[in-house]
Amino acid sequence: MITNILNFFSLSYNAIHDYNYGYEDIDENLVRYFKTEYGKEWKVALENHLNKEEVKNVKKAA
């Protein structure tokens with residue numbers, strides 16, 4: 001019972017503070033831009049942007 005309560009508070013805390021797990025090595029200004037422009041869907045939009053940039057870089061290298 002106590003573990004469930006602690007898990008609930010932990011999940012709530014993480015959701016409120018919107019941690020950027022996996023995005024530490026990306027420019028924080030870019031992350032901030034996507035959060036501002038896309039709201040709740042910022043992670044999906046950022047992933048799409050990063051994928052497009054990766055494809056461009058691969059084509060340039062080839």
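The values are calculated or read from the model by the stated rules, or taken from the named source; none is laboratory data. Remember, predicted model here, so these are calculated numbers, not experimental data. As a convention, Cβ positions derive from the backbone with ideal geometry for all residues, glycine included, and neighbour counts pool all protein chains shown. Just so you know, the surface numbers come from the protein's heavy atoms only, side chains and all, with ligands and any DNA or RNA stripped out. Shrake-Rupley method; radii C 1.70, N 1.55, O 1.52, S 1.80 Å.
Taking first residues from segment 36-50 that are in contact (Cβ under 8 Å) with a residue 12 or more places away in the chain and partners that are open to solvent by less than 60 Å² (accessible area, probe 1.4 Å), the Cβ contacts under 7 Å between residues at least 6 apart in sequence or on separate chains come to Leu46/Val31; Leu46/Phe34.
The residues of segment 46-62 that are closer than 17 Å to Asp25 by Cα and of a type outside the set (S, T, N, Q), listed by number, are Leu46, Glu47, His49, Leu50, Glu53, Glu54.
Only one entry of Leu11, Leu46 meets the criterion of being modelled with pLDDT of 70 or more, under 20 Å from the mean Cα position of the chain (by Cα) and surrounded by 10 or more Cβ atoms within 10 Å (Cβ to Cβ), and that entry is Leu46.
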